[in-house]
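> Just dropping this structure here.
No lab work stands behind these numbers, since they all come straight from the coordinates. Model, not experiment: these values are computed from the prediction. Here the Cβ positions follow ideal geometry from the backbone for every residue, glycine too, while neighbour counts run over all protein chains shown.
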Amino acid sequence: APSAKGVNAETLKINAVKDIIAVASGKGGVGKSTTAVNLAVALASNCQLKVGLLDADVYGPSIPTMMKLQGKPEVSEGKKMVPIENYGVKCMSMGFLVEKDAPIVWRGPMVMKALEQMSRGVDWGELDILVVDMPPGTGDAQISISQRLQLSGALIVSTPQDVALVDVRRGVKMFSKVDVPILGVIENMSFFKCPHCGEPSHIFGKGGARKTADDMGLGFLGEIPLEVEIRSCSDEGVPVVMSRPDSAVAKAYEDMAQKV
Ligand code: ADP
């Protein structure tokens, strides 16, 4: 069915999933997956929602590590893959389907096919919200995913520096092309708080994402500092909202979940 302005795309309405939201970024390495994971866990544990997490970053799936999940999904009677669950979030990732260190050398059409399997071919059950960790960038792949999954909205993650903010603008334009509303901008690695003296350092500049959001008339959903614990918790597979629920960072993710 035609879904977006001027483009015909076969859409993938997933039964019993109320809303699908994307967590996107213009580049890799800005903390998109970290945000997706902590947001999903906060939505499940603090907002009491039924939450799924789809790792659409097929070339660099990090959800299995960040959610401490491994193994192959079982196949249900309806011939669908059963998502693997942890921290109250049902997850699906390319990382479950291929060997850990195997490179994925597929081209576009194969990737779209895999994503179709990983979205519509999954027995998600009833979900209030499916969080999609998008592949980084703002190209064809992101456009196809946005259309096919019929996204309800997108969050854009950025670091504060100018080069990253250019990508925010690109991302906003891309989503508007396919009529996906932007739910807001998240600034990650906003500042580094010195563990010795407590002084904040604005390594990548100050307030850039908030200003860009304001300039573009978009919501600003919060700042996440650069913190060793965020990285170490991710590497250990226990998202910081789970392992340090009383921390300021966990509160920031919880606020974000409330706003979404
Ligand atoms: P992306 O999905 O954008 O590629 P990731 O979420 O995988 O980015 O983050 C890249 C790396 O940076 C990971 O090792 C992650 O643990 C780390 N990281 C992300 N955000 C933060 C943060 N706020 N503080 C410290 N480390 C972070």
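> What number comes out for the charge environment of GLU227, summing +1 per Lys or Arg and -1 per Asp or Glu over other residues with Cβ under 12 Å away? Write out the running numbers ahead of the final one.
Numbers: positive: LYS193, ARG231, ARG244; negative: GLU223, GLU229.
Its environment carries a net charge of +1.
> Given contacts defined as C-alpha pairs under 8 Å and at least six residues apart, what's the relative contact order of region 2-259, whole-number percent? Kindly include the intermediate steps, with their values, before the conclusion.
On the way: 541 pairs, mean separation 68.9, N = 258.
The normalised contact order for region 2-259 reaches 27 percent.
> To make sure I understand, if each residue's beta carbon is the centre and we count other beta carbons within 10 Å, what order do HIS202, HIS196 fall in, fewest to most? Before the final figure, lay out each step's value.
Working: HIS202 15, HIS196 6.
With the fewest neighbours first, HIS202, HIS196 line up as HIS196, HIS202.
> In deg cm²/dmol and to the nearest 500, what is the mean residue ellipticity at 222 nm of the chain if only DSSP H runs of at least 4 residues count, each as -39500 (n - 2.57), divided by the residue total?
Details: 9 runs with 88 residues, N = 260.
Calculated from helices alone, the mean residue ellipticity at 222 nm is -10000 deg cm²/dmol.
> In degrees from 0 to 90, rounded to the nearest 10, what is the angle of the helix 32-45 Cα long axis to the longest principal axis of the chain?
Between the helix axis and the principal axis of the chain, the angle is about 80 degrees.
> While we're on this one: Give the angle, between 0 and 90 degrees and rounded to the nearest 10, that separates the Cα long axis of helix 108-119 from the longest principal axis of the Cα atoms of the chain.
90 degrees
> Please report VAL238, VAL172 as a ranked list, fewest other C-beta atoms within 10 angstrom at the top and most at the bottom.
Placing the least packed residue first, the sequence is VAL238, VAL172.
> Measure nothing but the geometry: give the 0 to 90° angle between the long axis through the Cα atoms of 162-177 and the longest principal axis through the Cα atoms of the chain, rounded to 10°.
30 degrees
> Looking at region 33-132, send over the antiparallel percent of its DSSP beta bridges, to the nearest 5. Don't jump to the answer; show the numbers that get you there.
Details: 4 of 14 bridges.
Counting only bridges with both partners in region 33-132, antiparallel ones make up about 30 percent.
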